[in-house]
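Report on the following structure.
Please treat every number below as a calculation from the coordinates, not as lab data. Remember, it's a predicted structure, so these values are computed and weren't measured experimentally. Reconstructed Cβ throughout: ideal geometry from the backbone, glycine too, with neighbour counts over all protein chains shown.
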Amino acid sequence: MKLSNYRSADLRKAIQLLQEREKLMGKLQNVEKELDAIGAKAAGRPNAGQRAPRGALKEAVIEALKTAGATGLSPKELAASLGVSGMQINAWLASTGKRVKEIKRVGRGKYYWAGK
């Protein structure tokens, strides 16, 4: 491909189009970054990749159960009030929750705080 085969007007137009394409590609990258951020928030992951401090879920569950009183809360209600998944609450109750003696079952699928 020889540049001498092209007219100068065509070369100027090609340069102009290439510059415009570079600008649009930069804008497209910014739009894609914003869409990714929105997608992460919509998926319930506003702080994706970040972990809560050790023991934060335990403190939050205990506080929620204390607030609920003797009626207690189901794992689904706990998850909704704490902003975590129901599966995470069920796993926590089955493992760590068993070791907290003040957490008692009210009935089928309900837990309450029996401490002071």
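In summary, no lysines lie within cross-link reach of LYS27, defined as a Cα separation below 16 angstrom excluding same-chain residues under 8 places away.
Considering the values (i) 15.2, 58; (ii) 15.8, 50; (iii) 28.3, 90, which represents Rg and Dmax of the Cα atoms in Å as calculated for the structure under consideration? Of the labelled values, this structure produces (iii). Highest GNM mean-square fluctuation, the chain, Cα pairs closer than 10 Å: which of LEU93, LEU17, LEU73? Checking each option, the largest mean-square fluctuation is seen for LEU17.
Return a whole-number percent for the relative contact order of the chain, with Cα pairs under 8 Å and 6 or more residues apart as the contact set. Before the final figure, lay out the partial values.
Details: 66 pairs, mean separation 23.7, N = 116.
Normalised by residue count, the contact order of the chain is 20 percent.
Once you have the Kirkwood Rh of segment 3-42 from its Cα pairs, apply Stokes-Einstein at 25 °C and 0.890 mPa s and quote D in µm²/s. Intermediate results must be reported in sequence, preceding the final value.
Values: Rh = 12.4 Å.
The estimated diffusion coefficient comes to 199 µm²/s.
Toward the positive end of the charge dipole of segment 3-42, with +1 on the Cβ of Lys and Arg and -1 on the Cβ of Asp and Glu, the farthest Cα among MET25, ASN5, LEU35 is that of ASN5.
Spatial offset of segment 1-39 relative to segment 48-116 amounts to 54 Å, using the alpha carbon center of each.
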